[in-house]
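Novice: Got a structure for you, questions after.
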Amino acid sequence: MAEEEVLLTQEGFDKLQAELDDLKYVKRKELAERIKLAISYGDLKENSEYHSAKDDQAFMETRIIILEKMLNSARIADAAHTDSSTIHVGSNVVLKDIEFGDTLDYQVVGPAEADVANGKISYESPLGKALMGKAVGDKINVDAPMGTISYELLEIKGL
């Protein structure tokens, strides 16, 4: 079964690679030391430190597998081959909320990099889907649980 392609910005790819490296080469060793210390406490049946460390190890190993799969199937959004007059993965956009007049800055990224609190929205999100392919001056309507939200695209900045 072929793995599904993961679309990332270069920044997102580098961030995930750094996380993977940290887990594999730093956190694994730290966790091994925690387990070794917990084993030294004796009886493993009632050793909460040991069980906690083993749970953390299972979580970490699962995250390593997920990151490796993502990075192995990643495609980097390439600024050199994209049209800067329309929105694509990696675009930084400035939107105006038509109802309230607020301006919002977002970067459109792949789902693995999405972090709304830091202005990174997935191209798979309702707003991200509505933005893809739009040009400056376009009106964007997004269906949200509280109703339709309308934006005007003020600016597109490249990757």
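The values are calculated or read from the model by the stated rules, or taken from the named source; none is laboratory data. Treat the numbers as computed from the prediction; the structure is a model and nothing was measured. With ideal geometry, Cβ positions are generated from the backbone for all residues, glycine too; neighbour counts draw on all protein chains shown. Note: areas computed on protein heavy atoms with side chains; ligands, DNA, RNA excluded. Shrake-Rupley method; radii C 1.70, N 1.55, O 1.52, S 1.80 Å.
Novice: Please list E46, E113, E61 in order of solvent-accessible area, largest first, computed with a 1.4 Å probe with all protein chains present. Before the final figure, lay out the partial values.
Specialist: Details: E46 160, E113 25, E61 55 Å².
Putting E46, E113, E61 in descending order of accessible area: E46, E61, E113.
Novice: A further question follows. Of A53, L8, L95, which is farthest towards the positive pole of the chain's charge dipole, taken about the Cα centre with +1 and -1 on the beta-carbons of Lys, Arg and Asp, Glu respectively?
Specialist: A53
Novice: Next question. Taking a probe of 1.4 angstrom, what is the accessible area of S48 in Å², to the nearest 10?
Specialist: Rounded to the nearest 10, that gives 80 Å².
Novice: Same structure, new question: Running a GNM on the chain with Cα contacts under 10 Å, which residue among L95, L44, L71 ends up with the highest mean-square fluctuation?
Specialist: Result: L44 has the largest fluctuation of those listed.
Novice: With +1 on each Lys and Arg Cβ and -1 on each Asp and Glu Cβ, how big is the dipole of the stretch 62-142 about its Cα centre, in debye rounded to the nearest 20? Present the calculation step by step, with values, prior to reporting the outcome.
Specialist: Working: 8 positive and 11 negative charges, 47 e Å.
Here the size comes out at about 220 debye.
Novice: Continuing with the same structure: Ignoring ligands, DNA and RNA, what percent of the 1.4 Å accessible area of the stretch 9-127 is carbon and sulfur? Walk me through the numbers on the way to the answer.
Specialist: Values: 3890 of 7270 Å².
That share works out to 53 percent.
Novice: Separate question: With the Cα gyration tensor of the chain giving a ≥ b ≥ c as the square roots of its eigenvalues, does the rule (a/c under 1.5 for rounded; else a/b larger than b/c for prolate; else oblate) give rounded, prolate or oblate?
Specialist: Since a/c reaches 1.5 and a/b is larger than b/c, the shape of the chain is classed as prolate.
Novice: What figure, in Å² to the nearest 10, do you get for the accessible area of T148 with a 1.4 Å probe and non-protein molecules left out?
Specialist: For T148, the solvent-accessible surface is approximately 80 Å².
Novice: Could you compute the FRET efficiency for S150 and D22, with r as their C-beta to C-beta distance and R0 at 41 Å, rounded to 0.05? Each step should come with its number before you reach the end.
Specialist: Values: r = 42 Å, r/R0 = 1.02.
It comes to 0.45.
Novice: For the stretch 54-128, what class follows from the C-alpha gyration tensor (a ≥ b ≥ c being the square roots of its eigenvalues): rounded when a/c is under 1.5, otherwise prolate if a/b is larger than b/c, else oblate? Spell out each step's value before the answer.
Specialist: Values: a/c = 4.08, a/b = 1.70, b/c = 2.40.
Note, shape of the stretch 54-128 comes out oblate.
Novice: Right, something else. Leaving out ligands and nucleic acids, note down the accessible area per residue over the chain with a 1.4 angstrom probe, in whole Å².
Specialist: On the way: 9900 Å² over 159 residues.
Spelled out: the 1.4 Å probe surface of the chain, per residue, equals 62 Å².
Novice: At 0.36 nm per residue, minus the direct Cα-Cα distance, what do A135 and Y41 gain on full extension? Give it in nm, one decimal, please. Working shown, then result.
Specialist: Values: separation 94, 0.36 × 94 = 33.84 nm, distance 6.34 nm.
The span from A135 to Y41 would gain 27.5 nm if fully extended.
Novice: Can you compute the charge dipole magnitude of the stretch 1-96 about its Cα centre, using +1 on each Lys and Arg Cβ and -1 on each Asp and Glu Cβ, nothing else charged? Give it in debye, rounded to the nearest 20.
Specialist: It comes to approximately 160 debye.
Novice: Would you calculate the separation in nanometres between label points at D115 and D14, each defined as 7 Å from the Cα along the Cα-to-beta-carbon direction?
Specialist: 1.4
Novice: Before rounding to the nearest 500, sum -39500 (n - 2.57) across all DSSP H runs of length at least 4 in the chain and divide by the residue total; then give [θ] at 222 nm in deg cm²/dmol.
Specialist: Numbers: 4 runs with 57 residues, N = 159.
Helix-only estimate at 222 nm: -11500 deg cm²/dmol.
Novice: Additional query: Provide I156, I66 ordered by accessible surface of protein heavy atoms (probe 1.4 Å), highest first.
Specialist: Values: I156 30, I66 75 Å².
Most to least solvent-accessible, the answer reads I66, I156.
Novice: About the Cα centre, and with charges only on the beta carbon of Lys, Arg (+1) and Asp, Glu (-1), how big is the dipole of the stretch 11-159? Nearest 20 debye, please.
Specialist: Working: 18 positive and 27 negative charges, 84 e Å.
Its charge dipole is roughly 400 debye.
Novice: A further question on this structure: Total Lys pairs in the stretch 63-159 closer than 28 Å by alpha-carbon, pairs eight or more apart in sequence or interchain only?
Specialist: 15
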